[in-house]
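In what follows, a structure is listed as structure tokens, so that the remarks can point back to it.
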Amino acid sequence: MANWKDIASAGKSVSKLDNLNVSESTKVTMEAVMCAMAASGKVQEMGLIAQTLEKVDTQVDLKTVSANLGELISIMKAKEQPAEPGMEAANAVLTKLKAENAELRAELGK
């Protein structure tokens, strides 16, 4: 069981931080521990972790993010369905109707 004085002292130390550099996985772990503290009724400890998380400057591996994004784009492109037959004609009619609507609105506005 943590002493409230220790928690208050840790809180003062955290408040003096400008930022805290941690990896994404460390941040996720801290969030999970914070939830566990809240669930177990240890609100002071939870508050200290929340205060610490406010100072976190997460470092992200941009190469990994880029690779994951590229993979997601590839998956999305693979799942794109070809246009249904007749859709080109329907889009052309819709475009024509929109143009006629704009002309009629312009005439009414005169």
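Every read-out reported here was derived from the displayed coordinates using simple, explicitly stated rules and does not represent laboratory data. The structure presented is a predicted model; accordingly, all values stated were derived computationally and were not measured. Methodologically, a virtual Cβ is constructed for each residue, glycine included, from the backbone with ideal geometry; neighbour enumeration extends over all protein chains shown.
Less than 5 angstrom separates the built amide H of VAL56 from those of LEU20, all sequence-distant by 5 or more or on a different chain.
Taking θ as phi - 60° and the Karplus parameters 6.51, -1.76 and 1.60, the scalar couplings of region 88-98 work out to 4, 5, 5, 5, 5, 5, 4, 4, 5, 5, 5 Hz in sequence order, x denoting glycine and proline.
So how do 96-102, 27-33 stack up, highest first, on mean other-Cβ count within 10 Å? Each step should come with its number before you reach the end.
On the way: 96-102: 10.0, 27-33: 13.7.
Sorting 96-102, 27-33 by mean packing, highest first, produces 27-33, 96-102.
Site pair THR26 and LYS77 shows an inter-label distance of 3.7 nm when each label is modelled 7 Å from Cα along Cα→Cβ. Each label was represented as a point 7 Å from its Cα along the Cα-to-Cβ direction; for ALA106 and ALA92 these points are 2.3 nm apart.
Binning all Cα-Cα separations of the chain at 5 Å, short to long from zero, yields these whole-percent fractions: 2, 9, 11, 10, 9, 7, 6, 6, 6, 6, 8, 8, 7, 4, 2, 0.
Dipole of the chain, Cα-centred, from +1 at each Lys and Arg C-beta and -1 at each Asp and Glu C-beta, to the nearest 20 debye? Please list the in-between numbers first.
On the way: 13 positive and 15 negative charges, 67 e Å.
In total the dipole reaches around 320 debye.
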